[in-house]
Amino acid sequence: MGIGMAWLVLDRLGLTENGVCIINDVSLKVGAGRTAILGPNGAGKSTLLRLMHGLLRPSAGAQHWPAPLTQGMVFQRPVMLRTTALANVEYGLKLRGIKTPERRQRAMAALERVGLPAIAERPARRLSGGEQQRVALARAWALEPQVLFLDEPTASLDPASSREVERIIREIAASGTRIVMTTHNLGQARRIAEEVLFIDSGRVVEQSPVEEFFTRPRHVAAQRFLEEETP
Amino acid sequence: MGEITTSLVLAGELVATGDARLASIVTLSLQVSLTATLLACLIGMPLGALLAVGRFPGRHTLIVLFNGLMGLPPVVVGLLVYLLLSRAGPLGQFGLLFTPAAMIIAQTILIVPIVAALARQVIEDAWREYREQLRSLGASRLRAAMTLLWDGRFSLTTAGLAGFGRAIAEVGAVMIVGGNIDGVTRVMTTTIALETSKGDLPLALALGLILIAVVLAVNTAAFMLRQWAEKRWG
Amino acid sequence: MTRLRTFLAVCCTTLLLVATGTQAQERFITVASTTSTEQSGLFGHLLPAFTKASGIKVRVVALGTGQALDMARRGDADVVFVHDQAAEEKFIAEGYGVSRQGVMYNDFVLIGPKTDPAKAIGKDILEGLRRIETARSPFVSRGDKSGTHAAELRYWKAAGVDLEAKKGPWYRDTGSGMGSALNTAASMNAYLLADRGTWLAFKNRGELGIVVQGDTRLFNQYGVILVNPVRHPHVKQADSQKFIDWLVSAAGQKMIADYKIDGEQLFFPNAGR
């Protein structure tokens, strides 16, 4: 049982691709404002996130949104269009049919919130990896989603950029957006999340508040994982 | 060897003296083939993008079809367009036969499959990379196709250039639908064919060298533009 | 995306410009003619004079006689100017042409290796062909239903050579225009029948020379026909008639006689005779 009122319910969710079972019979309720999905490499973290966001269609079970929520997602490697940083942020707004004076204003505001107003007119693909990830966060944030999924958002970044991205994620959460993120950085999970979903071989084997997970993991796979990952 | 040297000298002379007839033939060649390329890009690139991004029955058949049509024989296209535009044909009333417009139509048909097939490849690769991000942002497939076309614009120049290269080098189609009329539909390739049949091989080869130079110049310009743009936009 | 819109606008404007540029309204007629008249340079000599006198441009599509007549049958020409009397009369009998007028003649020549391995040299075209067949010397045929091809077949028949029976590797049916056939013959050192005009203008002669000429049977009559406007209403009757009238007029006939390559007259006007 999770924290808070459930806003996303997974009911016996499964995904099988080419005969390989990637997600196996996952049933849970997500109610926390900030959730981290943890687990060993290849356990199915990213796949579960994509199923939640609807990028993948489950081959079994279903997901329910008790109330429809607007969603966004930020990927490990930001996909930047070959245009300016500002136009990249505007792109999502344009897809929502938001017209230009407002669109520009909202995109600029998002860039300011990620601390990058100065690079608005620079070609996005020419920015550093950290800057690109922040533009991607701004692009998602500008749409003011009610849920934001993040897939290993700092995995390809240097420590300074990681810290900045983490700060932004916390700010997004503080603005009222629900966060679900995968990460292999336990410190980051501890700093950001309220609740942990632990996944092992395609099954979610533990769902606990973050402090409880890190101090008293219940499942044996989680215990082993923490032992291996903690120096 | 001697003949090739003669041709090189002759080509140099023709260019250096600014031969007016040569200039008008080169201009018409470029006008016809560049227009055909432009049209083929306007038709072929969106088509390629839809083939790359779309999901509809018959998509694979269409992909194979367009790949196959890349080898369309120019003479067959010429004949087809001739029969369409001939006075006795279904579009005869427009009187387009033996005009540059007819040549543009024939070359466009000839190179649309090339542009579409190459564009599909480029867009399909980009789609693999962008797909999740674009879908997450809420882009429809149609919208995604448009975005990818714009985003892949530098890579797509290759598709356009391949089409242009084929258009300006072909003789079979323009000969039939243009009629090789002096001063009206005579282009580089038909002039080369004519001079060959007059037995003036050095002049034919000299014109061929000039044609190669023109194609190289267009490609160089496109290459430099792409270099600059990629440096600018990544 | 505003850039995309700009791009599209530029494309459309270019297209419009090109389209209007290429569709310049000029007064012209389309003449379906033969490679011999075009490639010998005769039209380059005649047409500017006619255009200057009449203000009418002449667009020449040069094909074999058979193809030229077919093109006119489809309505794609206003005038045909060819050299195969039998085919021309058939064309008129079918109702595609109004009337035929003789304009000029040139003559065919039998071209062959200067060494003349078949000993075909002389003034008798039929004897020359018979010797080529007997020696099985390489012979290049146009094989494209052109006027020259039709003439060649007539000569073989008159010479009593049954081509269908005697055809062998020595007889190369190339299915090509006069110039291509000449190039082929030059590279194979073969015999072939050519019109004198194209031969004189031809530059890649290799070891070839004239083997038979001067036989009256080698005369090659050119006729001009107005395409039937009843059959094809878009035919530019008035301007086309002006062109035909000019060709057979004293001025036109003189221009034809004046055309020379290396001092040699190629075409002999004989309108109305």
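When a/c is below 1.5 the answer is rounded, else prolate if a/b is larger than b/c, else oblate, so apply that to chain B with a ≥ b ≥ c taken from the square roots of the Cα gyration tensor eigenvalues. Oblate, because a/c is 1.5 or more while a/b does not exceed b/c. For segment C:159-218 and segment A:72-116, what is the centre-to-centre distance using only Cα atoms, to the nearest Å? Taking the Cα centre of each part, segment C:159-218 and segment A:72-116 sit 74 Å apart.
Only Cα pairs under 8 Å and 6+ residues apart enter the sum, and on that basis the relative contact order of chain C stands at 27 percent. Looking at segment A:80-144, the accessible area is 39 square angstrom per residue; that uses a 1.4 Å probe and ignores ligands, DNA and RNA.
The trypsin sites (Lys or Arg not before Pro) found in segment B:156-234 include none that occupy coil by DSSP while having at most 11 further C-beta atoms within 10 Å.
For segment B:20-187, averaging the sequence separation of C-alpha pairs within contact (under 8 Å, six or more residues apart) and dividing by the residue count gives a relative contact order of 40 percent.
Restricting attention to chain C, close to 60% of DSSP beta bridges with both partner residues there are antiparallel. Total buried accessible area between A and B, probe 1.4 Å, nearest 100: 2100 Å². Count Lys and Arg as plus one, Asp and Glu as minus one, and take only other residues whose Cβ is under 12 Å from that of B:Leu22; the net charge is then -1.
The A:Asp25 and A:Glu211 beta-carbon pair, evaluated with R₀ = 41 Å, returns a calculated FRET efficiency of approximately 0.90. Accessible surface of C:Glu207, taken over heavy atoms with a 1.4 Å probe and every protein chain present, rounds to 110 Å². Take the cross-link list A:Lys45/A:Lys94; C:Lys123/C:Lys157; A:Lys45/B:Lys231; C:Lys167/C:Lys203; C:Lys90/C:Lys260; C:Lys52/C:Lys90 and give me the ones stretching past 25 Å between alpha-carbons. Long pairs (Cα-Cα over 25 Å): A:Lys45/A:Lys94; A:Lys45/B:Lys231; C:Lys167/C:Lys203; C:Lys90/C:Lys260; C:Lys52/C:Lys90. Its DSSP H runs of at least 4 residues, each contributing -39,500 (n - 2.57), put the calculated 222 nm mean residue ellipticity of chain A at -11500 deg cm²/dmol, to the nearest 500. Averaging the Cα positions of each part gives two centres, and for segment C:248-266 and segment A:1-37 these lie 95 Å apart. Rolled with a 1.4 Å probe across the full set of protein chains, the surface gives A:His53 an accessible area near 20 Å².
Between segment B:116-165 and segment C:51-74, the alpha-carbon centres lie 47 Å apart.
Ranked from largest to smallest solvent-accessible area, with a 1.4 Å probe on the protein heavy atoms, A:Met5, A:Met108, A:Met80 come out as A:Met5, A:Met108, A:Met80. Between C:Ile261 and B:Ala229, the C-beta separation translates, for a Förster distance of 56 Å, into a calculated FRET efficiency of about 0.55. GNM on chain C, alpha-carbon springs under 10 angstrom: the most fluctuating residue among C:Asn106, C:Asn204, C:Asn189 is C:Asn204. Taking the full set of protein chains and a 1.4 angstrom probe, give the accessible area of B:Arg131 in square angstrom, rounded to the nearest 10. Here the residue's solvent-accessible area equals roughly 80 Å².
Comparing A:Leu111, A:Leu15, A:Leu127 in a Gaussian network model of chain A where C-alpha atoms under 10 Å apart are linked, the largest mean-square fluctuation is found at A:Leu127. Listed by chain and number, the aspartates and glutamates whose alpha-carbon sits under 12 Å from that of C:Lys119, ignoring those within fewer than 8 places in the same chain, are C:Glu127, C:Glu133.
Rounded to 0.05, the FRET efficiency of the C:Ala86 and C:Val230 pair, given R0 = 25 Å and the Cβ-Cβ distance, is 0.60.
Burial of accessible area (probe 1.4 Å, heavy atoms of protein chains only) in segment C:158-188, relative to its chain alone, reaches at least 30 Å² for C:Asn183.
Relative contact order of chain A: 27 percent, from C-alpha pairs under 8 Å at least 6 residues apart in sequence. Building the convex hull from the alpha-carbon atoms of chain A and averaging its projection over directions returns 12.9 nm².
The values are calculated or read from the model by the stated rules, or taken from the named source; none is laboratory data. Note that this is a predicted model, so its numbers are computed, not measured. No Cβ is skipped: glycine too gets one built from the backbone with ideal geometry, and neighbour counts run over all protein chains shown. These area figures cover heavy atoms from the full protein model, side chains too; ligands, DNA and RNA do not enter into them. Shrake-Rupley method; radii C 1.70, N 1.55, O 1.52, S 1.80 Å.
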